[in-house]
Amino acid sequence: MTFQTYFPFWEKLEPGQQSRLAEAVMFRTVPKGTLLHSGSKDCTGLLLVKSGQLRAYILSDEGREITLYRLFERDICLFSASCLMRSIQFEVMIQAEKDTELWVVPADVYQGILEESAPAANYTNELMASRFSEVMWLMEQVMWKSLDKRVAAFLLEESAIEGTSQLKITHEAIANHLGSHREVITRMLRYFQDEGMVKLSRGMVSLLDTDKLEKLRD
């Protein structure tokens with residue numbers, strides 16, 4: 001897999017534009033926990049995920065986190081090139097959730113391509129609209145869904161991502177994903193445990209009754 005396969009408009013670029021992208025792109029391998037992008041003042045560039053997993057999140061003034069979305073193999077991160085989108089008023093952070101291989105396209109190079117290529121600009125606008133739709137969906141969940149439903153949905157999603165019902169995750173990490181407090185998440189998980197849906201141990205949440213969690217999520 002090469003970085004060119006990430007761009008459906010690649011064949012519509014002129015040879016000179018293809019060369020500029022190919023010469024500018026950088027390949028990186030980053031360990032789990034690496035902060036790749038830190039707010040609007042940091043214009044890292046376009047991130048193309050070859051393998052691994054990234055997390056895009058925002059921070060409140062009090063330091064609470066909430067996950068906007070995650071990025072997996074073949075995903076493209078636009079918010080890491082925030083200088084391309086000057087109307088964005090919130091500070092997006094990008095962190096590696098797993099050891100990750102990725103390509104970085106410098107923002108200035110990609111900006112030049114966008115100004116010259118209508119297919120590239122159209123694709124980028126579609127990608128941006130898709131990401132904003134995800135953010136709007138998240139805001140709806142936060143505003144209208146109770147926390148127990150959101151915790152149940154998160155546990156089921158995490159289980160699907162990891163391919164196991166034995167989740168190595170802390171209460172603090174769950175709180176950061178959901179924009180809550182650790183103490184609140186702990187109380188909720190203990191309730192889930194009392195209801196036979198999960199089993200809690202140090203650094204581990206084991207899903208015991210996914211049917212109950214599914215019903216709660218819905």
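The values are calculated or read from the model by the stated rules, or taken from the named source; none is laboratory data. These figures come from a predicted structure and were not determined experimentally. As a convention, Cβ positions derive from the backbone with ideal geometry for all residues, glycine included, and neighbour counts pool all protein chains shown.
Could you check, for segment 133-145, whether at least one of its residues is in contact with a His (Cβ under 7 Å, 6 or more places away or on another chain) and in a helix (DSSP H, G or I)?
no
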I'd like to check something: does segment 128-144 contain any residue that is in contact with a helix residue (DSSP H, G or I) (Cβ under 6 Å, 6 or more places away or on another chain) and among the β-branched types (Val, Ile, Thr)? no
Lone qualifier among Ala107, Ala129, Ala160, Ala120 - being surrounded by fewer than 17 Cβ atoms within 10 Å (Cβ to Cβ) and closer than 18 Å to Leu78 by Cβ: Ala129
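Okay, residues lined up against (1) in contact with a Leu (Cβ under 6 Å, 6 or more places away or on another chain); (2) outside the structural domain of Ser60 (by TED's automatic domain parsing); (3) under 16 Å from Ser146 (Cα atoms); (4) of a type in the set (S, T, N, Q):
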{"site": "Ile169", "(1), (2), (3), (4)": "no, yes, no, no"}
{"site": "Ala173", "(1), (2), (3), (4)": "no, yes, no, no"}
{"site": "Gly179", "(1), (2), (3), (4)": "no, yes, yes, no"}
{"site": "Tyr191", "(1), (2), (3), (4)": "no, yes, yes, no"}
{"site": "Asp194", "(1), (2), (3), (4)": "no, yes, no, no"}
{"site": "Lys199", "(1), (2), (3), (4)": "yes, yes, no, no"}
{"site": "Arg202", "(1), (2), (3), (4)": "no, yes, no, no"}
{"site": "Leu208", "(1), (2), (3), (4)": "no, yes, no, no"}
{"site": "Asp211", "(1), (2), (3), (4)": "no, yes, no, no"}
Complete set of residues in segment 182-218 that are under 22 Å from Ala56 (Cβ atoms) and either hydroxyl-bearing (Ser, Thr, Tyr) or surrounded by fewer than 15 Cβ atoms within 10 Å (Cβ to Cβ) (or both): Arg182
Among the candidates Ser19, Ser51, residue that is at pLDDT 95 or above and within 24 Å of Asn122 (Cβ to Cβ): Ser19
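For residues that are polar (S, T, N, Q) and surrounded by 17 or more Cβ atoms within 10 Å (Cβ to Cβ), tally how many sit in segment 1-47.
2
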Ile94 passes all but one of the listed conditions (1) modelled with pLDDT under 95; (2) touching a strand residue (DSSP E or B) at 6+ places or on another chain (Cβ under 8 Å); (3) at positive phi; the exception is number (3)
Can you find a residue in segment 105-115 that is among the polar types (S, T, N, Q) and closer than 22 Å to Leu35 by Cβ? no
Leading residue by the ranking (nearest to Ala173 (Cα to Cα)) among those in segment 17-47 that are part of a helix (DSSP H, G or I) and either hydroxyl-bearing (Ser, Thr, Tyr) or touching a Pro at 6+ places or on another chain (Cβ under 6 Å) (or both): Ala24
Residues of segment 168-211 being under 21 Å from Arg70 (Cβ atoms), β-branched (Val, Ile, Thr), more than 19 Å from the chain's Cα centre (by Cα) and not in a strand (DSSP E or B), in sequence order, are Ile185, Thr210
Selection status of Gln141, closer than 20 Å to Ile66 by Cα and among the polar types (S, T, N, Q): yes
Just to be sure before I move on: is Ala152 at pLDDT 95 or above, out of contact with any helix residue (DSSP H, G or I) (no Cβ under 7 Å at 6 or more places or on another chain) and in a helix (DSSP H, G or I) in the structure I sent? no
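Which of the residues spanning segment 75-84 are under 16 Å from Glu97 (Cβ atoms) and either charged (D, E, K, R) or surrounded by fewer than 19 Cβ atoms within 10 Å (Cβ to Cβ) (or both)?
Correct list: Asp75 only.
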